[in-house]
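Q: After the structure tokens below, expect a handful of questions from me.
The values are calculated or read from the model by the stated rules, or taken from the named source; none is laboratory data. Just so we're clear, the structure is a prediction, and the values are computed from it rather than from any experiment. No Cβ is skipped: glycine too gets one built from the backbone with ideal geometry, and neighbour counts run over all protein chains shown.
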Amino acid sequence: MDGIKNSTKQAPYLRTFLANAYKLDDYNEQKIGGLREAFYGQDPDNGLDDTESSDLLPSEERSNQQKHRYFNRISAQVQSVNEHTAKRAVARMSRDTAQDLTILKPLLRDLESAYANRDEKLEGVKQYLLKELSLGRKVIVVSSFKTTAEYYFTQLKRMPEFNKDKIGLITGGDAANFIGGQEVSRKEILDRFSPRSKNRVDLIDSPKEINLLIGTDTISAGQNLQDAQVIMNLDLPYNPMILEQRIGRIDRPRDVSKTKSIYVYTFPVYQTIDAELKMNERLDKKMEGAMEDTQFDNAVLPNAEYMNFLKQAKATKGNAVQKMLDDTVQKTVVKAGLSSEKHSEQYQIANRRMYDAKIEPIVRTKEPVIPKVSFASGTVHGVAVLQLTFNDVNQALLASKNIVVDLTNADNDSVTNGEQQLHDALNSGIDGTSQLDESTAKLSVSELDALFHQVLEREVAKYNQAMRQSEGAIGALKDRVAEQTAKAIEESVRNAANRTVIMNKIQEAGLTPKIVGKLTQNMRTIDRDSPLYEDIVEISHDVNLFWLNFSYYADQFDLENIELTGKRQLSRMDVRLADSSQSKYELLLANVRI
């Protein structure tokens, strides 16, 4: 503005300023020329010949006419600015700008002072960390988001109260995991943090041992970290089972004479609770039709227990958080099993015995006649553990699972029963060929093949039933217009005639072709309640509009701009069915009764 005000002729500069402010050059390129010609051809008047113009929908024709009128009107007003008008407008704009700055500068100073280098949540976490570490307790700090974990790791390393060489970070596989400023493997971090549970006697009380571990929920996957007594949740995961898994990392069998309690802290962000409640309310409404004809449970929608917690948390904050944590800790048990059963007393006993067996393993027979198989006599049931691999008709892997099979009652696949039968068989084992000849033993194992195939077929049928139910339920949630629009865009990409034009628009937006798949994936989540639904409808009338205005739509359908996603990665559900003839089983171990 100062440059215009100080120039001898202000009118040309003001006209340029206004044209840029209204983006007339961009508008002209997008709406009148450029890419539109590539799709529709050109005539001397407006870029559309008579035959191609007649192919447009009436609403599109009206829209084009309105856009032309708007462009012409604004262009005429900008070009009408003379020197006298320019000086008067520039003087008024300068006065208004100065007045706005007079008001805004004190506000800006106040805001900077209020928020400068201050993260109240970080300060709270810091105080509790110092308290727990001073008591000699090891602490795990967990977040659902990688960026949050990295932020806390970076901030805590910089604080003089903490020894950065005693802080570890795990956010995924073996990449980008650190202790202090040194990148190390995930295994080394876990060994140095929990050397007792990892049987690393050489690290216990050594300078290499660390006492603070920060990371994402990948820490919670399959790790026993009972050296720690404290876990701090930087957020509340959307799935309550994840919270249970987090606590389960440290709530493991231990020497209760030394450690009787574990300590769980949670620092939730209450501003996100309203968003989750509203999203669940919208999904509930859309689910009403699906519930009528589809067996559907809380596998897709958040369970009622968690939604009630959110409502309580919104109203009572800390009290509700405490109650959920108390309930979760109460339900948390050692999970050594292969399937998710009810946490009965017998199940907990079975888990304890299996844990003891893992700590003090049974001495195995060297070079057994039949590997992976033992034999017993008496009334106990035989037990086998199978690994099932579900493949589709093209032999592509879909999923896999381990399952316990009772060889007398194959329908009973509970861990509790399997462990009990094995435990009872300890005193009736057959140790050598003097008690059971080799040919009889091999025949007994081979006869199990038919039973194992029946189990495989049963589990394939259960898997496919779940996939069909999920496909029907998820399909009911989709908006048909959004789905058809996304498909139309994907089909236009496959059209070779559009390739050059499409690549040019993608490059102009500074993006790569991979973004198209992500955008159509995000578009499928838009429904009639979304403010972006109008854009979906407009594109559904003419998919070419998507490419004409690619930069605009790429920004609109970016995940950050879709309402109430919670910044979660969206993905299509794989609902391919398993084929029993292509699926397989592998015997992991068995105890066969003779």
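Q: Do we have SER470 as more than 30 Å from LYS584 (Cβ to Cβ) and at pLDDT below 85 here? I'd like the intermediate steps shown before the answer.
A: Details: more than 30 Å from LYS584 (Cβ to Cβ): no; at pLDDT below 85: yes.
In short, no.
Q: Among the residues of segment 126-177, how many are hydrophobic (A, V, I, L, M, F, W, C) and surrounded by 20 or more Cβ atoms within 10 Å (Cβ to Cβ)?
A: Quick first cut of segment 126-177, residues hydrophobic (A, V, I, L, M, F, W, C) only: 129-130, 133, 135, 139-142, 145, 149, 153, 156, 159, 162, 167, 169-170, 175-176.
With surrounded by 20 or more Cβ atoms within 10 Å (Cβ to Cβ) added as a condition, the list becomes 129, 139-142, 149, 153, 156, 167, 169-170.
Adding up the residues that qualify gives 11.
Q: So GLN484 clears everything in (1) polar (S, T, N, Q); (2) modelled with pLDDT of 85 or more; (3) surrounded by 18 or more Cβ atoms within 10 Å (Cβ to Cβ) except one condition, right? Which one?
A: (3)
Q: Also, I was wondering about something else. Kindly check whether there is at least one residue in segment 449-456 that is touching a residue at least 60 places away in the same chain (Cβ under 8 Å), exposed (fewer than 15 other Cβ atoms within 10 Å of the Cβ) and more than 27 Å from ALA578 (Cβ to Cβ).
A: If we filter segment 449-456 for residues that are touching a residue at least 60 places away in the same chain (Cβ under 8 Å), which is where we start, we get 452-453, 455-456.
After this cut, where a residue has to be exposed (fewer than 15 other Cβ atoms within 10 Å of the Cβ) as well, the list is 453.
With the extra rule that they be more than 27 Å from ALA578 (Cβ to Cβ), the set shrinks to none.
Within segment 449-456 (the criterion being touching a residue at least 60 places away in the same chain (Cβ under 8 Å), exposed (fewer than 15 other Cβ atoms within 10 Å of the Cβ) and more than 27 Å from ALA578 (Cβ to Cβ)), the answer is no, since none of the residues qualifies.
Q: Among the residues of segment 190-238, write down those that are without any contact (Cβ under 8 Å) to a residue 60 or more places away in the chain, under 24 Å from the mean Cα position of the chain (by Cα) and closer than 17 Å to ALA149 by Cβ.
A: Within segment 190-238, LEU190, THR218, ALA221, GLN223 qualify.
Q: Turning to a different aspect of this structure: Which condition number in (1) surrounded by 13 or more Cβ atoms within 10 Å (Cβ to Cβ); (2) over 35 Å from the mean Cα position of the chain (by Cα) is the one that SER439 fails?
A: (1)
Q: Is it true that some residue in segment 348-361 is modelled with pLDDT under 75 and part of a loop (DSSP other than H, G, I, E, B)?
A: Yes, the conditions are met somewhere in segment 348-361.
Q: Search segment 388-421 for residues being among the small types (Gly, Ala, Ser) and assigned to a loop (DSSP other than H, G, I, E, B), and hand back the single one that is surrounded by the most Cβ atoms within 10 Å (Cβ to Cβ).
A: Just the residues of segment 388-421 that are among the small types (Gly, Ala, Ser), to begin with: 396, 399-400, 410, 414, 418.
Next cut, assigned to a loop (DSSP other than H, G, I, E, B) only: 396, 410, 414.
On the way: ALA396: 11, ALA410: 14, SER414: 19.
Applying the filter and picking the extreme gives SER414.
Q: Being aliphatic (A, V, I, L, M) and either modelled with pLDDT of 90 or more or farther than 16 Å from GLY168 by Cα (or both) is the filter here; which residues of segment 191-229 pass it? Give the steps one after another, and end with the answer.
A: So in segment 191-229, the residues aliphatic (A, V, I, L, M) come out as 201, 203-204, 210, 212-214, 219, 221, 225, 228.
Within segment 191-229, VAL201, LEU203, ILE204, ILE210, LEU212, LEU213, ILE214, ALA221 qualify.
Q: Name the single residue, out of those in segment 128-179 being part of a strand (DSSP E or B) and aliphatic (A, V, I, L, M), that is farthest from LEU225 (Cα to Cα). Before you say what the answer is, go through the steps one by one.
A: Quick first cut of segment 128-179, residues part of a strand (DSSP E or B) only: 139-142, 167-170, 178-179.
Within this subset, residues satisfying the condition of being aliphatic (A, V, I, L, M) are 139-142, 167, 169-170, 179.
On the way: VAL139: 10, ILE140: 9, VAL141: 13, VAL142: 13, ILE167: 15, LEU169: 15, ILE170: 14, ILE179: 17 Å.
Here the residue is ILE179.
Q: Has segment 422-443 got any residue that is assigned to a loop (DSSP other than H, G, I, E, B), touching a Phe, Trp or Tyr at 6+ places or on another chain (Cβ under 9 Å) and among the small types (Gly, Ala, Ser)?
A: no
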